[in-house]
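So the structure is just underneath, and the comments pick up after that.
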Amino acid sequence: KAATRTLANGLRVFVVPDQEQPAVTVQLVLDAGAVRDPAGRPGVAEMTASLITQGTQRRTAQQIAEAIDFVGGSLSATADKDGTSVSVTVVKKDLDLALDLLADVVRNAAFQPEELERYRERLLSGLRVQYADPAYLATTLCQRRVYGQHPYGLPDEGTPDSARALKRDDVVAFRDAYYVPNRALMAFAGDITPARALAAAERHFG
């Protein structure tokens, strides 16, 4: 059974101790999926999630990658239809570093213009490949016929037109609106006690 507490800012925290492995995974789940994309601008949620680990006000993308690699951990952020998940896994002695990185990318992502353009180029290249794939086209068409212009009917990554149109202001506004504590859940699992996990959550995210 998970230990749980809601912090004063509304963040709900869950802890599932498991001492079989000396590792801890922390997952922050935000109500920031593609269903929150602005009307007519699909792809904002996925672009935001993809960019938060690519540099903050304190660290470059390379510094973030080197910091987590140095301790043999992993840090990732992904968005789907219904939410954004930001996860970090480390051995328990490196938990404070992991939470510092997690808090930094979620709160302080810089969304540097060069990183945004690099993401845009990769996305457009990927879409050119996908638009030549009959299976992708069939799935996309079925979703559009079933859901229409609702975000469920649009590709999470957006379209070539939206990819070209999205700007830094779009991802900054999305982050500010939806990367907030009272619309989020945080889960700790692994070699950690509920008391330490809840104290760490309060220190880094309270």
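Listed by first and then second residue, the pairs linking a residue in region 15-44 that is closer than 13 Å to TYR152 by Cα and hydrophobic (A, V, I, L, M, F, W, C) to a residue that is modelled with pLDDT of 95 or more and crowded, with 21+ Cβ neighbours inside 10 Å, with Cβ atoms under 7 Å apart and 6 or more places separating them unless they lie on different chains, are ALA34/ALA45; ALA34/GLU46; ALA34/ALA79.
For region 11-39, the candidate set comprises residues that are in a loop (DSSP other than H, G, I, E, B) and surrounded by fewer than 19 Cβ atoms within 10 Å (Cβ to Cβ); within that set, the residue that is nearest to the chain's Cα centre (by Cα) is ASP31.
Applying the set (1) assigned to a strand (DSSP E or B); (2) over 12 Å from the mean Cα position of the chain (by Cα) to ARG58 leaves exactly one unmet item: (1). Here ALA163 clears all of (1) under 21 Å from PRO113 (Cβ atoms); (2) in contact with a helix residue (DSSP H, G or I) (Cβ under 9 Å, 6 or more places away or on another chain); (3) surrounded by fewer than 16 Cβ atoms within 10 Å (Cβ to Cβ); (4) of a type in the set (A, V, I, L, M) except the condition numbered (3). Being closer than 24 Å to ARG58 by Cα and at pLDDT 95 or above is a description that does not apply to ALA138. When residues in region 138-159 are screened for being loosely packed, with under 15 Cβ neighbours inside 10 Å and either aliphatic (A, V, I, L, M) or in contact with an Asp or Glu (Cβ under 8 Å, 6 or more places away or on another chain) (or both), 3 of them pass. ASP82 versus (1) open to solvent by 70 Å² or more (accessible area, probe 1.4 Å); (2) at pLDDT below 95: which is the lone unmet condition? Against the list (1) open to solvent by 70 Å² or more (accessible area, probe 1.4 Å); (2) at pLDDT below 95, ASP82 comes up short only on (2). May I ask you to say which residue of ALA98, ALA77, ALA49, ALA61 is touching a helix residue (DSSP H, G or I) at 6+ places or on another chain (Cβ under 8 Å), within 15 Å of ALA184 (Cβ to Cβ), of a type in the set (A, V, I, L, M) and open to solvent by less than 30 Å² (accessible area, probe 1.4 Å)? Exactly one residue qualifies, and that residue is ALA77.
Does ASP169 fit the bill of being within 16 Å of the chain's Cα centre (by Cα) and surrounded by fewer than 15 Cβ atoms within 10 Å (Cβ to Cβ)?
Details: within 16 Å of the chain's Cα centre (by Cα): no; surrounded by fewer than 15 Cβ atoms within 10 Å (Cβ to Cβ): yes.
No; evaluated as a whole, the condition is false for this residue.
Would you confirm, using the coordinates I've provided, whether ALA8 is over 12 Å from the mean Cα position of the chain (by Cα), part of a loop (DSSP other than H, G, I, E, B) and closer than 19 Å to PRO194 by Cβ?
Against the criterion (over 12 Å from the mean Cα position of the chain (by Cα), part of a loop (DSSP other than H, G, I, E, B) and closer than 19 Å to PRO194 by Cβ), ALA8 qualifies.
The values are calculated or read from the model by the stated rules, or taken from the named source; none is laboratory data. Predicted, not measured: the structure shown is a model, and the values here were computed from it. Reconstructed Cβ throughout: ideal geometry from the backbone, glycine too, with neighbour counts over all protein chains shown. These accessible areas exclude ligands, DNA and RNA; they are computed on the full protein's heavy atoms, side chains included. Shrake-Rupley method; radii C 1.70, N 1.55, O 1.52, S 1.80 Å.
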